[in-house]
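A quick write-up on the structure given underneath.
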Amino acid sequence: MNRMPVNTSSFEPTSSTLNNPTTRAVRAFAPGSVGNIGVGFDLLGHSIDGVRDVALVRRIAEPVVRIAAIRGDVAGADALPLEATRNTAGQALISLREKLGLGHGFELELEKGIPLGSGLGGSAASCVAALVAANALMDAPLPREALYKYALDGESVSSGSRHGDNVAPMLLGGVVMATATRMIPLSVPAWLHAVVVHPDQVLETRRARAVLAEPYPLPLVVEQSAHLALFLTGLQRGDVQLLREGLHDLLVEPRRAPLIPGFAQAKAAALDHSALGASISGAGPSTFAWFASKADAAAAAPAMQAAFAEAGYGSRAYVTPVAGPRADVITDEGRDGVAA
């Protein structure tokens with residue numbers, strides 16, 4: 001999401017909500033994610049357990065999208081815009097109601113749990129959580145795949161481009177290939193686990209994308225394509241060696257790594273603890289590594305955190321199955337106000 005200073009001191013429901021005792025509300029969450037997975041820039045991503053955003057959406061008679069409140073313990077949550085067109089969640093719901101020609105609107109509250117500028121898909125999680133909640137409120141809810149284009153509309157507010165490597169795994173769970181028009185879930189062995197470490201740094205997506213502007217030589221692109229092919233085949237076969245050979249990013253990581261103090265040391269620590277590979281999560285600064293077991297992942301997490309600590313940064317670590325959760329409804333408050 002774009003971070004713009006706004007006044008969020010009051011989280012009280014609007015008068016239209018208070019005056020409508022039959023208002024129905026749905027609360028939904030969306031998990032964090034690892035975008036790119038190193039070798040799949042703007043193409044691959046997987047959801048993670050342990051961090052999430054939550055959206056509470058009310059269906060309202062007025063044909064508008066309104067953000068009533070944004071709250072959360074993460075730094076910068078109070079600076080997110082309440083203006084719907086400048087907010088990923090707000091724009092996603094605007095796109096949904098306008099393209100479907102809905103006669104009603106939505107009122108939204110966001111609970112931010114994913115740190116801003118973390119590389120964990122925070123802007124994507126807000127719009128996916130809002131879409132899943134709003135979809136549950138519609139007279140004819142859409143299939144999960146049909147929400148993808150609206151999520152892309154929302155995500156573009158933050159990144160300036162339509163890429164689905166964060167929203168797609170949040171919508172479907174696990175590892176997903178995201179094209180301009182399709183979400184394709186990929187096979188993931190149950191034993192495959194990840195460590196995702198978020199250092200106390202902020203790296204804005206637009207800055208991280210700016211370092212990629214210079215063209216790449218064709219031989220390097222061909223070599224990266226070989227890595228991607230090995231990686232995808234390794235996933236499909238559940239082959240540790242193919243995953244190990246494929247999980248090497250030659251394009252994005254070398255340009256972004258200098259923006260992340262401690263990254264090189266954290267990656268080295270992961271590889272020293274049996275990681276199949278490690279790279280930057282999304283735009284960074286979070287760092288991820290894949291492991292052949294949960295035990296290996298749990299053993300590596302403290303070493304990766306220690307590497308960032310040596311660089312002067314505290315951090316949080318998440319040990320998660322690579323086949324992470326998908327966004328879903330938490331509660332559905334019926335017209336009598338009782339959770340269904």
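The values are calculated or read from the model by the stated rules, or taken from the named source; none is laboratory data. Keep in mind it's a predicted model, so treat the numbers as computed, not measured. Here the Cβ is made from the backbone with ideal geometry for all residues, glycine too, and neighbour counts use every protein chain on show.
Numbers below:
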read-out: Matching option when the condition is under 23 Å from THR205 (Cα atoms), surrounded by 22 or more Cβ atoms within 10 Å (Cβ to Cβ) and touching a strand residue (DSSP E or B) at 6+ places or on another chain (Cβ under 8 Å), among GLY314, GLY282; value: GLY282
read-out: The lone exception for ARG206 - which of (1) within 21 Å of the chain's Cα centre (by Cα); (2) in the same structural domain as SER286 (by TED's automatic domain parsing); (3) at pLDDT 95 or above it fails; value: (3)
read-out: Odd one out for GLY164 among (1) within 29 Å of GLY262 (Cα to Cα); (2) in the same structural domain as SER126 (by TED's automatic domain parsing); (3) small (Gly, Ala, Ser); (4) surrounded by fewer than 23 Cβ atoms within 10 Å (Cβ to Cβ); value: (4)
read-out: Search result, residues across the stretch 167-185 that are surrounded by fewer than 18 Cβ atoms within 10 Å (Cβ to Cβ) and in contact with a helix residue (DSSP H, G or I) (Cβ under 6 Å, 6 or more places away or on another chain); value: PRO185
read-out: The lone exception for PHE29 - which of (1) closer than 16 Å to VAL329 by Cα; (2) hydrophobic (A, V, I, L, M, F, W, C); (3) crowded, with 24+ Cβ neighbours inside 10 Å it fails; value: (3)
read-out: Selected residue (only one of SER293, SER279 is hydroxyl-bearing (Ser, Thr, Tyr) and within 20 Å of PRO199 (Cα to Cα)); value: SER279
read-out: Number of positions in the stretch 88-115 that are in contact with a strand residue (DSSP E or B) (Cβ under 6 Å, 6 or more places away or on another chain), in a loop (DSSP other than H, G, I, E, B), surrounded by 17 or more Cβ atoms within 10 Å (Cβ to Cβ) and not aliphatic (A, V, I, L, M); value: 1
read-out: The stretch 59-74, residues that are in contact (Cβ under 8 Å) with a residue 60 or more places away in the chain and either surrounded by fewer than 19 Cβ atoms within 10 Å (Cβ to Cβ) or more than 18 Å from the chain's Cα centre (by Cα) (or both); value: ARG59, ALA69, ARG71
read-out: Flag if VAL221 is under 16 Å from the mean Cα position of the chain (by Cα), at pLDDT 95 or above and not basic (Lys, Arg); value: no
